Amino acid sequence: MDLVPSPSPALETIAANLRTILRGVMAALGAWRVEYALAMLLHRRVSVTLERIERMLVRFQAGKLRQIPNRTRATARQVRNTQGVRLPRRFGWLVQIGAHHAACAGSQLQTVLTTPEMAELLAQSTQAQRILRPLCRALAVELPWVVGTARVRATQDRQTRRRVRKPRPKPEPFRIPLPRG
């Protein structure tokens with residue numbers, strides 16, 4: 001008895017493409033000259049991301065994807081090892097380390113994210129966005145679900161929220177107190 005529905009061909013293609021891209025990144029780690037602790041963290045991050053994507057696609061196909069509201073401020077969870085090494089957080093940091101291998105993986109990921117099926121999934125699921133956001137940032141992929149005007153609007157909101165300071169009063173001239181009497 002088959003309890004898990006067979007995925008649609010489009011979702012199976014998306015899953016296969018993402019699996020190939022992420023496994024290619026993990027395989028290319030050996031060629032990159034990265035310190036061991038950072039390589040282990042990166043390998044773990046990519047493998048966990050791959051597992052989460054596959055589970056999310058199965059739930060999406062079954063129609064059992066939970067609706068989680070967007071958080072206003074997300075806390076950054078990063079896997080640490082005993083030496084306290086952390087993965088970088090800059091935009092495109094993996095492309096700087098992995099050169100053309102990572103850039104190739106980034107362009108392939110961009111292609112997969114712009115397919116209509118993946119766009120539908122990203123529009124319906126904030127979970128998919130949360131899973132893919134760190135990977136997209138690392139591979140210097142512009143997030144397709146973030147509208148360009150949203151960044152501008154957020155910047156404008158931040159600028160308008162700043163309080164206007166009152167000008168400081170001019171200090172009174174210094175006066176020497178005279179002794180009484």
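The values are calculated or read from the model by the stated rules, or taken from the named source; none is laboratory data. Computed from a prediction, not measured in an experiment: that's the story for all the values here. Note that we place each Cβ from the backbone using ideal geometry, even for glycine, and neighbour counts take in every protein chain shown. Heavy atoms of the whole protein, side chains included, go into the accessibility calculation; ligands, DNA and RNA do not. Shrake-Rupley method; radii C 1.70, N 1.55, O 1.52, S 1.80 Å.
For every residue, the table says whether it meets (1) within 17 Å of residue 101 (Cβ to Cβ); (2) open to solvent by less than 40 Å² (accessible area, probe 1.4 Å); (3) of a type in the set (Lys, Arg).
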{"position": "11", "(1), (2), (3)": "no, yes, no"}
{"position": "14", "(1), (2), (3)": "no, yes, no"}
{"position": "23", "(1), (2), (3)": "yes, no, yes"}
{"position": "28", "(1), (2), (3)": "yes, yes, no"}
{"position": "31", "(1), (2), (3)": "yes, no, no"}
{"position": "36", "(1), (2), (3)": "no, no, no"}
{"position": "39", "(1), (2), (3)": "yes, yes, no"}
{"position": "48", "(1), (2), (3)": "no, no, no"}
{"position": "54", "(1), (2), (3)": "no, no, no"}
Does segment 72-84 contain any residue that is loosely packed, with under 15 Cβ neighbours inside 10 Å and either within 22 Å of residue 120 (Cβ to Cβ) or modelled with pLDDT of 85 or more (or both)?
-> no
Only one of 119, 102, 123 is in contact (Cβ under 8 Å) with a residue 60 or more places away in the chain and assigned to a helix (DSSP H, G or I); which?
-> 102
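Could you run through segment 56-67 and say how many residues are assigned to a loop (DSSP other than H, G, I, E, B) and surrounded by 16 or more Cβ atoms within 10 Å (Cβ to Cβ)?
Qualifying residue count for the region: 1.
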